[in-house]
1. If a residue has to be among the aliphatic types (A, V, I, L, M) and part of a strand (DSSP E or B) to count, how many in region 330-357 make the cut?
2. Among all residue pairs at least 6 apart or on different chains, which show Cβ distances below 7 Å where the first residue, located in region 222-248, is closer than 16 Å to Gly206 by Cα and the second is modelled with pLDDT under 80 and surrounded by fewer than 19 Cβ atoms within 10 Å (Cβ to Cβ)?
3. When you look at Phe121, is it within 13 Å of the ligand (Cβ to nearest atom), at negative phi, part of a helix (DSSP H, G or I) and open to solvent by 50 Å² or more (accessible area, probe 1.4 Å), yes or no?
4. Tell me whether region 27-43 contains one or more residues that are open to solvent by less than 70 Å² (accessible area, probe 1.4 Å) and farther than 22 Å from Trp220 by Cβ.
5. Search region 159-185 for residues being farther than 17 Å from Tyr236 by Cβ and among the aliphatic types (A, V, I, L, M), and hand back the single one that is farthest from the ligand (Cβ to nearest atom).
6. If you scan region 270-302, which residues turn out to be under 20 Å from Val349 (Cα atoms), outside any strand (DSSP E or B) and not small (Gly, Ala, Ser)?
7. Can you name the residue in region 258-269 that is open to solvent by less than 30 Å² (accessible area, probe 1.4 Å) and β-branched (Val, Ile, Thr) and is also farthest from Leu347 (Cα to Cα) among such residues?
8. Just name the residue that is modelled with the highest pLDDT out of those in region 145-166 that are open to solvent by 20 Å² or more (accessible area, probe 1.4 Å) and in a loop (DSSP other than H, G, I, E, B).
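The values are calculated or read from the model by the stated rules, or taken from the named source; none is laboratory data. Computed from a prediction, not measured in an experiment: that's the story for all the values here. Reconstructed Cβ throughout: ideal geometry from the backbone, glycine too, with neighbour counts over all protein chains shown. All accessible areas refer to the heavy atoms of the entire protein, side chains included, with ligands and DNA or RNA removed. Shrake-Rupley method; radii C 1.70, N 1.55, O 1.52, S 1.80 Å.
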Amino acid sequence: MRSTIKLGKISGIEIGLHYSWFIIAALIVFSLGQHFHLVNPNWSMWQVWITALVTAALFFITLLLHELAHSLVAQKRGLRISAITLFALGGVSQMQDDATDAKTEFWVAIAGPIASLIIGFGCWAIAAGLGWQHSTEPHTAVTEVLVWLGYINIGLGLFNMIPGFPLDGGRVLRSIIWGISKNADRSTRIAARVGQVVALLFILDGIWQFFHGAGFGGLWIAFIGWFLMDAAKASYAEVETASALRDLQVSDVMSRECVVVDRGMSLQEFVDVYLLTTGQRCFAVEDQGRLMGLITLRDVSNIPRDRWEQATVSEAMRPGKELRTVSPDSPVLDALKVMVRNDINQLPVVDHGSLQGIVSRSQILQLLQIRDELRLPTAYRPPPELSGRNELDVRSMSQMSARHSRV
Ligand SMILES: [Zn+2]
C-alpha cells in the first residue's frame, strides 16, 4: 500500500494515511453525527457535528495505538518496522522481517487486540466515573464520546481476534499451531484456510443481511469478507511460493542467456540489431570481461528517439555501481525480495566482479508455473550434477542469434 500522506514518526516508525482512509473518516463522521442527533435531540447542530468530528479524530488515535502496540512489541523482540499505514479497513504495520519464532509471532499479534480492549474498557471506566449509566437521561458530550469509543474499541479488539488469517486472531492461531507443530509453513496454510472459511461466512452473512433489509450495512460486511478472502488467499499463495523456492539458489534459476553488448554502440544500432531481433529485454554491457552496467528496454525508452543516433549504450545504461547484484549462491527468495523492495524486474548475477547471468521475476514465476503444471512436490529438486547443464547450449544459441542479426 503506497500513495500515503506522511504524518510523522513515532519511535522511528513512519506513520502514514492512505487516501482510502478519508472516505471512511467521512462516513464515520456522518454516521456519528446522525447517531448523536438521534440520541440527543436537544443538542444544537454545532454540538452534534463538532462532537462527531472530535470522536472520529479520537477513534483515529485509538486505531493508531492498536497498530503501535503491534509495532512496539515487534521492535522489543528485535524485528524492524518501517511504517504504519492507516487505510479504509484499519491499519497495517509494515514489518521488514517476519517473526522468527512462534512466541514472537504470538505476542506481536495479540498486542493489538489487547491494546484495543484496554482502551475500550478504559473509556467505559472513565465514562462511569463521570456519572454515565445505562439510562435514557440526557448525557454530556464527553460521556457520549467515551461510551462510543468504548464500544468501537472493544468491538475492534474482539473482531480482530476472529481466528482467520490475516486478522490478528489468525496470526495468534498460526503462532499456536506453529508452537505445537514446529512447522511454520503448515501453520500458515492452516490459518489461511481458516481465514478463507471465516471470510466466506462474512460474505454470506453480508448478502443475507442485505436481502433482509440491512442495506448498506450488509454490503459493508460482505465487502470486508471479500477483502479478507483476498488477503487469506494471498497469504496461502505466499507460503506456497516460499516453500517451493526455499532451497533453490540463484544459480539454479538464472538465465545464462545474457547477450553482451558493446558500450560504444549507438542506441539506434542497439535497438535495430539487438532489441528488435532477440526479443530480450535486458542486456549486459561488459568491458574486458567485467560488467560495466545493464541496459534494458526501459533505459532505452528514457532517451528521446531523435537522440538514438548520437547516444551510446554506455550513456543510457545503468552503470554497475548503481546496480544491485546477487551472487550465484544466494537463495532465490532473497533475490526476489531485493527485486520487490527496489521495484526492479531483473538482477545481474555477479561472481567476483564477472557477470554469470541474469535472474528475473518473470523467470522465477515461470519456474514456479512449470513446477505447478508438472505437479512436482514442493520438495523436488533436480539432481545437482544436472543443474547448469543448459549453460553451453543457451549461451551459444544467444551468441548465434546476435551474430546472425549483425550480418
Ligand atoms: Zn491488529
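1. 4
2. Ile224/Leu89; Phe227/Leu89
3. No: the conditions fail for Phe121.
4. Yes, some residue in region 27-43 is open to solvent by less than 70 Å² (accessible area, probe 1.4 Å) and farther than 22 Å from Trp220 by Cβ.
5. Applying the filter and picking the extreme gives Ile180.
6. Correct list: Gln280, Arg281, Gln288, Leu297, Arg298, Asp299.
7. Only one residue tops the list, namely Val261.
8. Out of the qualifying residues, it is Met161.
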